[in-house]
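Since the structure comes first, as structure tokens, the remarks are kept for the end.
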Amino acid sequence: MSGPVMDPRLAPPFPQAALPILQNTQLRKNVAHATDVIQTKRNRLVAEKQDWQQLRSAAAAIRAHVLANLAHYLEEFEKNCTAAGGVVHWARDAAEARQIIIDILREEKATEVIKIKTMTSAEIQLNPSLEKAGISAVETDLAELILQLGDDEPSHIVVPALHVNRQQVREIFARRMSLPQLPDDPEALAAAARTYLRKKFLSVPTAISGANFLIAENGSVAIVESEGNGRMCLTLPRTLITLAGIEKVLPRFSDLEVLLQVLARSATGERLNPYNSLWSGVVPGDGPQKFHVVLLDNGRSEILGRKVERQTLQCIRCAACLNTCPVYRQTGGHAYGSPYAGPIGAILTPQLEHMQHAQSLPYASSLCAACYEVCPVKINIPEVLIDLRAKVVDQEREEASRWTDPMYMGMKAANFVFGSASRFRLAQRFGKLGLRFFTDKDGWIRKLPSLGARWTLSRDLPGMPDQTFRDWWAEREARGGKEAR
Amino acid sequence: MTNSRQAIFDNVRAATKADVDRYEDIPRNYIRAGGLDSQGRIHLMTERLHEYGADVVECSSADIRQTIFRQLHLGKKHQIVIPAGLLPAWLDSGANWLVDQNLTHEQIEACDGVLTASSAGVADSGTIVLHHGAEEGQRVISLLPDFHLCVLRASQIVETLPEYFSRFPEPPRLATYISGPSATADIEMTRIKGVHGPRFLSVIIVRDDF
């Protein structure tokens, strides 16, 4: 089975990718169930928090403050992490980050590496590069393991295998772990993963993690998780490599009092995640004695310089916007063609691609703003979506192919028609005449030809009324401003 | 590599050169301190731990040794790993204590359980905080065994997370916050206890608050 394309450079546009997924009723059922469960838990725990809005405001302000002073806090983090025994590396783009990690692993003579779920490693497509370098990566998060063994791709930022159900997990584990008798209850499946991974934890001496937060004040890294696979990877190996985007930094340790509270409630509907780990550099006698941090730019400094878009970098990857999004809830994550799905993916992915790929994603939204409402760091996603749409249109305006693009020509024509009252009146008259052929007896249009068919594919359109507003107004004026009887 | 560092810093500085945003101006009108008394905090902490499926008992300062022994005995836990700095007065001679001094991961894993103290408890979220000092031990001992018996003094329990951070203005070198035993909801959002960390968490709250 070949998995969905999750490289924004190769993935088909969103509407095209979404079409086959919408036919997959099993996947849609799985996605709807999972997002419903998380949302219910999240809403209950947010409702019990009397100071939720104050926490949101503080979280948003902390993240915005970091971005405004990013160079300062990155320097502070680097200084303190280095002083604590960590080695800090800087990567301008994905290729550089991959090379740095591979070089470290080669120096360690690693043939295998255990990984904690990290979005950033998916962003830089680390695993395929490791394979090419002869290093096999073992995902230790249960969901990531399911996907890795099933040759599948993540479809959610927090629960990446939410599109797979227990029978599918059973089939994958039975086949890949050679356990033909494995039952399909979640308990037994988790136990199988525990046994399978325990050997890896105890024997593989090198680990790769992401980071939820980097603390500038003392150069420490914070990771939140539920299963304990994170603690295993952070504690047992001799060498640890942490890959993090440059925007992940927080000023002080105590800022976690805000961020941990909003993250846990938003991500999984818990008061705090079962496990949070914090460490600074290398601690003699406890955990890995070699520690590397790879700080990744990969388009982030460019986003930082854009007025409206900067807020994209406030994101703490809780995925609340995915769970609430009426578009994501129908398609799941694969349609987005990027590890970052949903509303946040729709604004982050094209920007990480320097607006050269994934330009269909800012349109994968109804602009209903449910995402903004739940965002724990108050990212105004609709505002960014609209601004990115403008950027996409600006690009299209420069393209030579625009003259053969029906959408572009249609917009040009609309621009011409709407530009003058008399042209508009004329167009209304002809439109009424033309649409009459497609209008049913009850006054509704259900099927339009050519381009218009895309509109009527999923919605009906009211036919043109006999009298337009302009006609009515003109008639009213002629009568001296009195209502028609 | 140095070039990359320079390039990133140049870009970041250029992107933020006009920004003025002071740390002091961050609004912090969220709830910092809770309103519960000691009894209320213990009650809430216990309730939360029960929600996670953890076991909770209370004892007086004088009864710590007996309570530890009873809890281990009830759970049929014999071989117990302990951090080197644990108070000898806690250790009943009836149990088989294995002090964490140069133990291999395999030796630690083979134990029935681990006994540690803790640095703080946060009642609101039912969180046990370990800073991995002498009484709490290195991280691996409270990770590999399947059973974690944790002693929490009532005076260490705060109500809210911000209160914990006020208590420790100096960031710890290491910290683990445990809010319930290892769990996953990755398969059909069904919560399953115990994937990798200890499956059983048992907490002894010592009433040193009288």
Calculate the radius of gyration of the Cα atoms of segment B:35-207 to one decimal place, then report Dmax, the largest Cα-Cα distance, as a whole number, both in Å.
-> 15.5, 47
Quick one: length gained pulling A:Ser458 to A:Arg238 fully straight, 0.36 nm per residue minus the C-alpha distance?
-> 73.5 nm
Taking the Cβ of A:Gly431 as the center, what net charge do the other residues with Cβ under 15 Å away carry, scoring Lys and Arg +1 and Asp and Glu -1?
-> +4
Entries of A:Lys29/A:Lys447; A:Lys307/A:Lys391; A:Lys29/A:Lys117; A:Lys79/A:Lys248 with Cα pairs more than 18 Å apart | A:Lys29/A:Lys447; A:Lys29/A:Lys117
Helix-derived mean residue ellipticity, 222 nm - over chain A, DSSP H n ≥ 4, -39500 (n - 2.57), to 500 | -15000 deg cm²/dmol
For A:Val87, other-chain or 5+-apart residues with amide H closer than 5 Å (H placed, Pro excluded) are A:Phe291, A:His292, A:Val293
Restrict the search to segment A:435-485; then list the GluC sites (Glu not before Pro) that DSSP places in a loop and that have at most 16 other Cβ atoms within 10 Å of their Cβ.
-> A:Glu483
Quick one: pull the percentage of alpha-carbon pairs in segment A:14-301 with a separation above 31 Å.
-> 31
Could you state the per residue volume, in Å³, of the convex hull enclosing the Cα atoms of segment B:65-117?
-> 71
Can you give the convex hull volume per residue for the Cα atoms of segment A:88-201, as a whole number of Å³?
-> 113
Rg and Dmax of segment A:296-366, using alpha carbons, in Å: what are they?
-> 11.7, 33
Per principal axis, descending, Cα span of segment A:233-386 in whole Å = 53, 35, 29
Can you give the Kirkwood hydrodynamic radius for segment A:349-421, in Å, rounded to one decimal and based on Cα pairs?
-> 14.1
At most 14 other Cβ atoms within 10 Å and a DSSP loop assignment: could you name the trypsin sites (Lys or Arg not before Pro) in segment A:268-312 that fit?
-> A:Lys307
Most mobile of B:Val195, B:Val81, B:Val122 per a Gaussian network model of chain B (Cα springs, under 10 Å)?
-> B:Val195
The answer for the per residue Cα convex hull volume of segment A:143-208, in Å³, is 94
Of the convex hull enclosing the alpha-carbon atoms of segment A:406-478, the direction-averaged projected area in nm² is 5.8
What average number of partner chain Cβ atoms lie no more than 10 Å from the Cβ of the residues making up B:194-207?
-> 4
Residue with peak Gaussian network fluctuation, chain B [Cα springs, cutoff 10 Å], from B:Gly94, B:Gly113, B:Gly137 = B:Gly94
Quote the relative contact order of chain A in percent (integer), defining contacts as alpha-carbon pairs under 8 Å separated by 6+ residues.
-> 21
From the C-alpha gyration tensor of the protein assembly as shown, square roots of 5λ in Å | 52, 27, 26
Excluding residues fewer than 8 places away in the same chain, name every one of the aspartates and glutamates whose C-alpha is closer than 15 Å to that of A:Lys199.
-> A:Glu112, A:Glu139, A:Asp141, B:Glu106, B:Glu109
How well do other chains shield peptide B:167-175, expressed as the mean number of their Cβ atoms within 10 Å of each residue Cβ?
-> 6
Using every pair of alpha-carbon atoms in segment B:1-82, split the distances into 10 Å bins beginning at 0 and state the percent of pairs per bin, rounded to integers.
-> 12, 20, 19, 11, 16, 19, 4
Who wins for biggest fluctuation among B:Gln101, B:Gln156, B:Gln71 in a Gaussian network model of chain B, springs between alpha carbons below 10 Å?
-> B:Gln101
Which residues qualify? For A:Val249, with a placed amide H closer than 5 Å and at least 5 residues away or on another chain, they are A:Leu214
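A short reminder: the numbers here are calculations on the coordinates, not readings from a lab. Given the structure is predicted, the values throughout are model-derived calculations rather than measurements. Don't worry about glycine lacking a Cβ; one is built from the backbone with ideal geometry, like all the others, and counts go over all protein chains shown.
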